[in-house]
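The next block holds one structure in the form of structure tokens; read it before the comments.
Each reported figure results from applying straightforward, stated rules to the coordinates on display, with no laboratory input. Everything numeric here is computed off the predicted structure, so don't read it as measured data. We place every Cβ from the backbone using ideal geometry, glycine too, and count neighbours over all the protein chains shown.
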Amino acid sequence: MRVYYSNLCRLGSGLSESIDEMIRYGAGAIELMMDGPQWDEFETRGRELAALLSEKPVVYSIHTPVWDINLTSENAQARQAALEAYRHSIAFAASIHAAHVVVHPGFCYAPVFDKKTARERAARAVGALCRFNSLYGVPLLVENVGSAATCIFTQDEYIAFIGRFGGRIGSLLDIGHANLCGWNLTDTISRLKPFLYAVHLHDNNGTADSHLPIGSGSIQWGSVFQELLECRPDLRLILEYDIGTPLELLRGGKELLTQAFAGKIGLGGEPSPHHPVSAAVQI
């Protein structure tokens, strides 16, 4: 297993500078969110950016753009623009030998819109991305996104969606989003195991997508960690903490995960001094 830092915590900062800063705080692998001004010209500066990134002593994964983009938009032109942006992201990911590409399948923002229609649009879009990706071969991981109101899947529907593509995609399970939607976390992990390649790790209190450090919300991390220990040995553990989170907390999160997945945290064990860990985290 490998621990990644998401650069969500430094979104809006200079790309090279933020990567260097995360490396100083212990990052050996970084998931790059392709949002913000530093990505405005990546379609024409792709080679330059790839060369810049290749100089850094880390490995990468790519998170396709998040803000103002929706594969299941009610606007056909917006859906097409999202699909095109994701294709560019896949090509760029291949150029930097990224471990995977994260795909948001879309949101349903208003109750008057039909989630079944949104799921059908998501299936068509992900199928199109799979066909495009046949040129590149970067692992595509579909993430569960949104709250109970905006997520286009129930727990069972998401698991079925991942399975319907016959191994052409995998799952990135966002633990915080699953908690926000009221999913059974351990059951979801157990049923996704054949397809589960990565997890986004952050906490919340079940009411807002807060992206808090592990142990700062209501998630029962002990049982989550126990289930993740049974997953594939190369599972990617991605700390996706909110914008502005001090990097010291990501370093503490990495220390916590390194201990937990080596079986070194037990009931009553001492948590990392750098991380706000509650008893719910201990296993």
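General remarks:
- Label-to-label distance, nm, for residues given as Phe132 and Asp68 (7 Å Cα→Cβ offset): 1.9
- GluC sites (Glu not before Pro), loop per DSSP, at most 15 other Cβ atoms within 10 Å - longest free stretch of the chain: 56-229
- Only beta bridges with both residues in the chain are counted; by DSSP, about 5 percent of them are antiparallel.
- Mean separation of Cα contacts under 8 Å, 6 or more apart, over the residue count of region 2-247: relative contact order %: 19
- A simple spin-label model places pseudo-atoms 7 Å from Cα toward Cβ; at Asp20 and Ala51 they are separated by 1.8 nm.
- Using only side-chain charges placed at the Cβ, +1 for Lys and Arg and -1 for Asp and Glu, the dipole size of the chain relative to its Cα centre rounds to 840 debye.
- Shape category assigned to region 12-52 from the gyration tensor of Cα positions, a/c cut at 1.5: prolate
- Residue exposure sequence - Phe165, Phe225 - by fewest surrounding Cβ within 10 Å: Phe165, Phe225
- Note on the chain: dipole from Cβ charges, positive end direction compared against Ala82, His200, Ala160; the farthest Cα belongs to Ala160.
- Net dipole in debye of region 159-217 [+1 Lys, Arg Cβ; -1 Asp, Glu Cβ; about Cα centre; nearest 20]: 360
- At most 14 other Cβ within 10 Å, DSSP loop - trypsin sites (Lys or Arg not before Pro), region 173-272: Lys264
- Pairs from Lys116/Lys193; Lys56/Lys193; Lys115/Lys254; Lys115/Lys193 whose Cα-Cα separation, in the structure shown, is over 30 Å: Lys56/Lys193; Lys115/Lys254
- Summarising the amide proton neighbourhood of Val59: residues at separation of 5 or more, or on other chains, whose placed amide H is nearer than 5 Å comprise Ala29, Ile30.
- Of Pro65, Pro139, Pro111, the residue with the greatest mean-square motion in the GNM of the chain, using alpha carbon springs below 10 Å, is Pro111.
- Estimated from the Cβ-Cβ distance and a Förster radius of 22 angstrom, the FRET efficiency linking Thr186 and Thr258 is about 0.50.
- Nitroxide proxy distance, nm - points 7 Å out along Cα→Cβ at Phe165 and Ala208: 3.2
- Over region 2-247, the ratio between the Cα radius of gyration and 2.2 N^0.38 Å evaluates to 0.95.
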